[in-house]
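Participant: One structure, as structure tokens, below. Some questions next.
None of the figures in this text is laboratory data; all of them are computed from the coordinates on show. Remember, predicted model here, so these are calculated numbers, not experimental data. Backbone-built Cβ (ideal geometry, glycine too); neighbour counts: all protein chains shown.
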Amino acid sequence: GAVVSQHPSWVICKSGTSVKIECRSLDFQATTMFWYRQFPKKSLMLMATSNEGSKATYEQGVEKDKFLINHASLTLSTLTVTSAHPEDSSFYICSAWTGALRTEAFFGQGTRLTVV
Amino acid sequence: GQQVMQIPQYQHVQEGEDFTTYCNSSTTLSNIQWYKQRPGGHPVFLIQLVKSGEVKKQKRLTFQFGEAKKNSSLHITATQTTDVGTYFCAGPRETSGSRLTFGEGTQLTVNP
């Protein structure tokens, strides 16, 4: 199966600082990656769709200036939480789409962000 | 917009009992996918159903896709402690097949 690696798995940062989360597809090229946010005991909320070489598409209500997404290559997408605040604390998960032939999502391990 | 609803939200069972979670979409789906997320882990793909009325089995797990392709179910026979986790169904969005809409999930706990 397709392997997606996400790093770091957890991070603690101070309010006002920025945090970068990486999502890599290890054994396939992902033209599209997705970033989700998950609150405790809740479902996955799609934040944005990241397309290689183009601007990300953000879901309604997600601040694009706060959650910067870069998809510079076919195997790497990054999410930067800028000027983090305690309310940004959450579990962030990426997933990669292998293409039209396989529609299932392959998820990274997730990043637990705590802003203090 | 498209909504995917799942019930129950929580289910506590004794080991050996059966378990079922139900998924309903507000729109017809081209396919339905099921994922399992263990506590502290990330969602892992279980299966995809595509055809109307399709039934697939994975050992003790039975997945069904409704005739109208708007609902689905996951049934686990004789649960084990290893079945603990949250089960999500997901369907592709009408406007973008690559984007998935996830149900709220059913959190299963199994008492040994």
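Participant: If you go through region A:69-85 one residue at a time, do you hit one that is polar (S, T, N, Q) and buried (at least 20 other Cβ atoms within 10 Å of the Cβ)? Steps first, please.
Facilitator: Our first condition is that a residue be polar (S, T, N, Q); within region A:69-85, this holds for A:70, A:73, A:75, A:77-78, A:80, A:82-83.
In the following step, the residues that additionally are buried (at least 20 other Cβ atoms within 10 Å of the Cβ) were identified as A:77.
Checked region A:69-85: at least one residue is polar (S, T, N, Q) and buried (at least 20 other Cβ atoms within 10 Å of the Cβ).
Participant: Return only the number of the condition from (1) more than 12 Å from chain B (Cβ to nearest Cβ); (2) surrounded by fewer than 18 Cβ atoms within 10 Å (Cβ to Cβ) that residue A:25 does not satisfy.
Facilitator: (2)
Table: residues versus (1) away from chain A (no Cβ under 14 Å); (2) part of a loop (DSSP other than H, G, I, E, B); (3) not acidic (Asp, Glu).
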{"site": "B:28", "(1), (2), (3)": "yes, yes, yes"}
{"site": "B:39", "(1), (2), (3)": "no, yes, yes"}
{"site": "B:53", "(1), (2), (3)": "yes, yes, yes"}
{"site": "B:69", "(1), (2), (3)": "yes, yes, yes"}
{"site": "B:73", "(1), (2), (3)": "yes, no, yes"}
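Participant: Does residue B:86 meet the test of being out of contact with any helix residue (DSSP H, G or I) (no Cβ under 9 Å at 6 or more places or on another chain), more than 10 Å from every other protein chain (Cβ to nearest Cβ) and β-branched (Val, Ile, Thr)? Write out each step before concluding.
Facilitator: Details: out of contact with any helix residue (DSSP H, G or I) (no Cβ under 9 Å at 6 or more places or on another chain): yes; more than 10 Å from every other protein chain (Cβ to nearest Cβ): no; β-branched (Val, Ile, Thr): yes.
In short, no.
Participant: While we're here: Say whether the condition of being over 24 Å from residue B:87 (Cα atoms) and either of a type in the set (Ser, Thr, Tyr) or buried (at least 16 other Cβ atoms within 10 Å of the Cβ) (or both) is met by at least one residue in region A:35-50. Spell out how you get there, then give the answer.
Facilitator: Applying the first criterion (over 24 Å from residue B:87 (Cα atoms)) to region A:35-50 yields A:50.
This time we only want the ones that are either of a type in the set (Ser, Thr, Tyr) or buried (at least 16 other Cβ atoms within 10 Å of the Cβ) (or both), so: A:50.
Yes; the residues of region A:35-50 include at least one that is over 24 Å from residue B:87 (Cα atoms) and either of a type in the set (Ser, Thr, Tyr) or buried (at least 16 other Cβ atoms within 10 Å of the Cβ) (or both).
Participant: Among the residues of region A:66-116, count how many are of a type in the set (A, V, I, L, M), at the interface with chain B (Cβ under 9 Å from one of its Cβ atoms) and over 10 Å from the mean Cα position of the chain (by Cα). Explain how you work it out, then say what you get.
Facilitator: As a first pass, look at region A:66-116 and keep what is of a type in the set (A, V, I, L, M): A:68-69, A:72, A:74, A:76, A:79, A:81, A:84, A:93, A:96, A:100-101, A:105, A:113, A:115-116.
Filter once more, so that each one left must be at the interface with chain B (Cβ under 9 Å from one of its Cβ atoms): A:93, A:100, A:105.
Subset that is over 10 Å from the mean Cα position of the chain (by Cα): A:100, A:105.
Counting residues in region A:66-116 that are of a type in the set (A, V, I, L, M), at the interface with chain B (Cβ under 9 Å from one of its Cβ atoms) and over 10 Å from the mean Cα position of the chain (by Cα) gives 2.
Participant: Would region A:46-65 turn up any residue that is within 25 Å of residue B:106 (Cα to Cα) and part of a loop (DSSP other than H, G, I, E, B)?
Facilitator: Pass one, region A:46-65, residues within 25 Å of residue B:106 (Cα to Cα): A:46-48, A:59.
Applying the additional criterion that residues be part of a loop (DSSP other than H, G, I, E, B) yields A:59.
So far as region A:46-65 goes, yes, one or more of its residues are within 25 Å of residue B:106 (Cα to Cα) and part of a loop (DSSP other than H, G, I, E, B).
Participant: I'd like the residue in region B:89-108 that is within 12 Å of chain A (Cβ to nearest Cβ) and closer than 23 Å to residue B:12 by Cα and, out of all such residues, is surrounded by the most Cβ atoms within 10 Å (Cβ to Cβ). Before the answer, list the steps.
Facilitator: Within region B:89-108, the subset within 12 Å of chain A (Cβ to nearest Cβ) is B:89-93, B:95-107.
Then drop every residue that is not closer than 23 Å to residue B:12 by Cα, which leaves B:89-90, B:102-107.
On the way: B:89: 31, B:90: 29, B:102: 22, B:103: 26, B:104: 18, B:105: 26, B:106: 22, B:107: 18.
Looking at the filtered set, the residue picked out is B:89.
Participant: Here is a list: B:59, B:69. Which entry is on the phi > 0 side of the Ramachandran plot, out of contact with any strand residue (DSSP E or B) (no Cβ under 7 Å at 6 or more places or on another chain) and touching a residue at least 40 places away in the same chain (Cβ under 8 Å)?
Facilitator: On the way: B:59 fails: touching a residue at least 40 places away in the same chain (Cβ under 8 Å).
Step by step, each of B:59, B:69 is checked, and only B:69 is on the phi > 0 side of the Ramachandran plot, out of contact with any strand residue (DSSP E or B) (no Cβ under 7 Å at 6 or more places or on another chain) and touching a residue at least 40 places away in the same chain (Cβ under 8 Å).
Participant: Sticking with this structure for a sec: Just to check your reading of the model, which residue among B:41, B:53 is at positive phi and either surrounded by fewer than 18 Cβ atoms within 10 Å (Cβ to Cβ) or in contact with a helix residue (DSSP H, G or I) (Cβ under 8 Å, 6 or more places away or on another chain) (or both)?
Facilitator: B:53
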